[in-house]
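Data block below; observations after.
The values are calculated or read from the model by the stated rules, or taken from the named source; none is laboratory data. Every value quoted in this text rests on a predicted model; they were computed, and no experiment measured them. Cβ placement follows ideal geometry from the backbone for every residue including glycine, while neighbour counts extend to all protein chains displayed. Keep in mind that these areas ignore ligands, DNA and RNA; they rest on the heavy atoms of the full protein, side chains included. Shrake-Rupley method; radii C 1.70, N 1.55, O 1.52, S 1.80 Å.
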Amino acid sequence: MSKKENPTSLIVIFGATGDLAKRKLYPSIYRLYKNGSISENFAVVGVARRPLSNEEFRTNVTNSVTSVANGDGNVEEFSSHFYYHPFDVTSSDSYQQLKELLSTLDTSYTTNGNRIFYLAMAPEFFGTIATSLKAEGLTETEGWKRLVIEKPFGHDLPSAKDLNAEIRQAFHESEIYRIDHYLGKEMVQNIEVIRFANALFEPLWNNRYISNIQITSSETLGVEDRGRYYETSGALRDMVQNHMLQMVALLAMEPPIKLNPEEIRSEKVKVLRAMRKIGPDDVEDYFVRGQYGAGSIHGQSLQGYRDENSVDSNSNTETFVAGKLLIDNFRWAGVPIYIRTGKRMSEKSTKVVVQFKDIPMNLYYNRGEKVDPNLLVINIQPEEGITLHLNAKKSGKDITTTPIRLDYTNNCIDGINTPEAYERLIYDAMRGDMTNFTHWDEVALSWSFIDEISKAWENTRAFDFPNYESGSMGPKQAEELLEKDGFHWWPL
Ligand SMILES: NC(=O)C1=CN([C@@H]2O[C@H](COP(=O)(O)OP(=O)(O)OC[C@H]3O[C@@H](n4cnc5c(N)ncnc54)[C@H](OP(=O)(O)O)[C@@H]3O)[C@@H](O)[C@H]2O)C=CC1
Ligand SMILES: O=C1O[C@H](COP(=O)(O)O)[C@@H](O)[C@H](O)[C@H]1O
């Protein structure tokens, strides 16, 4: 695709001086610019309160993209597309000035009136901004308009419904791009291809051949400087409601009749509807919560969660969740999907392990040898690729078995860095491809599943917190969750 055919638009970033904008958005837009994925006809308008001139803002943008630019000379040229408009989004006065700026830039960059409003700010502002954009006429444009909205989308189902109703006053569902950055990850997008483009896996992808699926997303980072937000969220809302359930939906959905956003979503929604609700009395049997205490990772001593900034010294907030999900449909009846995510664990890693059932009759077991089950491991990060665990003959005269691994690693083979999740998602938003954004129906179903668990946890104190050491793989109850079903977590 040449630059001319590539999308052209104004991008208005609310929260332009914030962490997300600096660390993710500017470098991603730069990479799109550098590799020619967006047209030269684009401009970015940054909005935040602190007073900055256009020049100061451009210097900040230049600084944030310097490391990805790798010495390229076109950074200044890139930054010259950036404009800054300081105002407090809660005061309606400045929206008119922003409107004038946008129409001037529309003309000078011939962006055809196309506008992306990217809300990279705390969620309490999402509704206000959307409402003001409409009330002040910024959504009236000759081109298309799209609202890109960061997480979290609500705190529970009622608050998500209120937020949705508010933004839907200003934007149609087909204009709302709810970001789940896991959907922008290379190997998360690869789940569909692995499943639906391989005759080897497609026929086996069901309860006749799969015994269980394990999804782990572990982090070595702690809560860092996000204690205030995290205290109201915890790992269940922060990671499970969105990223983990999205991965479950992609792994478990039926093949869509076409690869378009509507058909894919409709299949994901069916999975979320078929997920067995965990009532308050069952939470303990199906879910485990944890909170990190002091410990060490890679030789560095670390404090416990309760000693972190802005965290209550007696906090009941979970920094780890493990759970067993059941999908009540023909394909998955009887196959547990185990999920596990947490902060301050021993490794940064996101992986899916699909464990196949044992072969019907084990010839080698009869000879006293144990044969490992076949595993398909989807390595989402930090390495990207797949590993297939098989059994083969050990070389030599005797017929004995040995486990072997077939490895495909994306980075090595392609010799490239796969695009950052945000780079893909911004590109998709510019092209109007909603496939990798979450539809309201998915958000609502995820919250209704999560709400039961969070209510149960809010109503009962976890007297054993902190219950895992920093640098471990979580509390022992997470091991027991699988052991009682005769399984164990496969090592990462
Ligand atoms: N940071 C990250 O890695 C991730 C963030 N997110 C989400 O992205 C969003 C932004 O997060 P993050 O960048 O970390 O937040 P920050 O606190 O770093 O940034 C907030 C931004 O909002 C601006 N701001 C605050 N109040 C106002 C106001 N009243 N009017 C105008 N501007 C205002 C701030 O600028 P100023 O002070 O100058 O007004 C700043 O630019 C959140 O929804 C978060 O959940 C999601 C995933 C990862
Ligand atoms: O959304 C979030 O994700 C990050 C983990 O993202 P990853 O891409 O590094 O796996 C997590 O640290 C953060 O708490 C959460 O809000």
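Electrostatic tally near Arg228: other residues with Cβ closer than 11 Å to its Cβ, Lys and Arg +1, Asp and Glu -1, net -3.
Modelled spin labels at Ser94 and Ile257, positioned 7 Å past Cα toward Cβ, are 4.9 nm from each other. Spin-label model, Arg461 to Leu492: label points 7 Å out along the Cα-to-beta-carbon direction sit 3.1 nm apart. Computed about the Cα centre, the dipole magnitude for the chain is approximately 1040 debye when only Lys and Arg (+1) and Asp and Glu (-1) carry charge, each at its Cβ. Taking the three principal axes of the alpha carbon atoms in segment 26-95, the coordinate ranges are 39, 21, 15 Å, sorted in descending order. Restricting segment 27-93 to trypsin sites (Lys or Arg not before Pro) that sit in a DSSP loop and have at most 15 other Cβ atoms within 10 Å of their own Cβ leaves Arg49. Based on DSSP H runs of at least 4 residues, each adding -39500 (n - 2.57), what is the mean residue ellipticity at 222 nm of the chain after dividing by all its residues, to the nearest 500 deg cm²/dmol? Result for the chain: -9500 deg cm²/dmol, rounded to the nearest 500.
Note on segment 362-412: Kirkwood hydrodynamic radius from all Cα pairs is 12.5 Å, rounded to one decimal. To test your reading of the geometry: what angle, between 0 and 90 degrees and rounded to tens, separates the Cα axis of helix 95-108 from the longest principal axis of the chain? Orientation of helix 95-108: about 90 degrees from the principal axis. Working value for the chain: equivalent-ellipsoid semi-axes of 41, 26, 22 Å, each the square root of 5 times a Cα gyration tensor eigenvalue, largest first. The packing ranking, built from the mean of other Cβ atoms within 10 Å per residue, places the peptides 150-162, 200-212 in the order 150-162, 200-212, highest first. Ordering 392-405, 171-184, 241-254, 325-338 by mean Cβ neighbour count within 10 Å, with the highest value first, yields 241-254, 171-184, 325-338, 392-405. The count of lysine pairs in segment 1-128 that are at least 8 places apart or cross chains, and whose C-alpha atoms lie under 21 Å apart, stands at 4.
Rounded if a/c is under 1.5, else prolate if a/b is larger than b/c, else oblate: which is segment 421-492, with a ≥ b ≥ c the root eigenvalues of its Cα gyration tensor? Judged from the Cα gyration tensor, segment 421-492 comes out prolate (a/c at least 1.5, a/b above b/c). Computed about its Cα centre, the charge dipole of segment 316-458 is approximately 800 debye, with only Lys, Arg, Asp and Glu carrying charge at their Cβ. When every Cα-Cα distance of segment 123-254 is counted in 10 angstrom steps from zero, the calculated P(r) takes the values 10, 31, 29, 22, 8, 1 percent. Atom-type composition of the exposed protein surface of the chain places 49 percent of the accessible area on carbon and sulfur (1.4 angstrom probe). Working note: Cα gyration tensor of segment 305-349, eigenvalues times five, square-rooted, sorted largest first, giving semi-axes of 33, 13, 6 Å.
Would you list which lysines come within 26 Å of Lys484, measuring only between C-alpha atoms, while excluding same-chain residues fewer than 8 positions from it? Reachable lysines: Lys277, Lys324, Lys343, Lys351, Lys357, Lys370, Lys455, Lys476. Placing unit charges on the Cβ atoms of the charged side chains and taking the dipole of the chain about its Cα centre, the candidate lying farthest along the positive direction among Asn459, Gly385, Gly279 is Gly385.
Calculation over all alpha carbon pairs of segment 65-166 in 10 angstrom steps from 0 returns a P(r) of 13, 37, 31, 16, 3 percent. The length gained by stretching the chain between Leu204 and Ala392 to full extension, at 0.36 nm per residue less their Cα-Cα distance, is 65.7 nm. Taking a Cβ cut-off of under 12 Å around Thr62, the surrounding Lys, Arg, Asp and Glu residues balance to a net charge of -3, with basic ones at +1 and acidic ones at -1.
The long axis of helix 54-69 is offset from the longest Cα principal axis of the chain by roughly 30 degrees. Principal-axis analysis of the Cα atoms of the chain puts helix 421-431 at an angle of about 50° to the longest axis. Across segment 199-291, Cα-Cα distances exceeding 23 Å account for 41% of all pairs. Each Lys or Arg adds one and each Asp or Glu takes one away; over the other residues whose Cβ falls under 12 Å from the Cβ of Phe171, this sums to +3. Under a 1.4 Å probe, what is the accessible area of the chain per residue, stated in Å²? About 44 Å² of surface per residue is accessible. Taking a ≥ b ≥ c as the square roots of the eigenvalues of the Cα gyration tensor, segment 366-492 is classed as oblate, since a/c reaches at least 1.5 and a/b does not exceed b/c. Computed packing ranks the peptides 258-268, 229-239 as 229-239, 258-268, most packed first, by mean other Cβ atoms within 10 Å. The DSSP beta bridges internal to the chain are antiparallel in roughly 55% of cases. Semi-axes of the equivalent ellipsoid of segment 261-300 are 35, 21, 5 Å, computed as sqrt(5λ) over the eigenvalues of the C-alpha gyration tensor in descending order.
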